[in-house]
Amino acid sequence: MRDAIASHVARILREEREKRGLSMTVLAQRAGLSQSMISFVEREIRNPSLETLLRIAEVFELNLGEIIRRAYKAASKSK
């Protein structure tokens, strides 16, 4: 279940970025992260730290808890 939630978090972050019309580079600049980190997170190569997730959520003006809730709900449906 943890892997499924992590996978859905990555998908949600990518969807939110695309919905806002942001490139990975712009998101990275606004979040104070590298473009590589954004790419690694979205492609599920690296699990983001809490700090990284908070920075990205802040750029999206989303509550981190909401992102996790959405990921948990999606993972539960795909069982």
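Readers should treat all values here as calculations from the given coordinates under stated rules, not as data from a laboratory. Quick caveat, the model's predicted, so the values are computed rather than measured. Here the Cβ is made from the backbone with ideal geometry for all residues, glycine too, and neighbour counts use every protein chain on show.
Name the residue farthest towards the positive end of the dipole of the chain from the options Ile38, Ser7, Leu22, assuming +1 on Cβ of Lys and Arg, -1 on Cβ of Asp and Glu, about the Cα centre.
Ser7
Counting Lys and Arg as +1 and Asp and Glu as -1, what is the net charge of the other residues whose Cβ lies under 12 Å from the Cβ of Ala28?
Charge balance near Ala28 sits at +2.
In the set [x] 1.00; [y] 0.94; [z] 1.18, which value of Rg/Rh (Cα atoms, Kirkwood Rh) was calculated from the structure you see?
[y]
Net charge near Asn63: determine it from the other residues with C-beta under 13 Å of the C-beta of Asn63, scoring Lys and Arg +1 and Asp and Glu -1.
Spelling it out: positives minus negatives among the neighbours equals -2.
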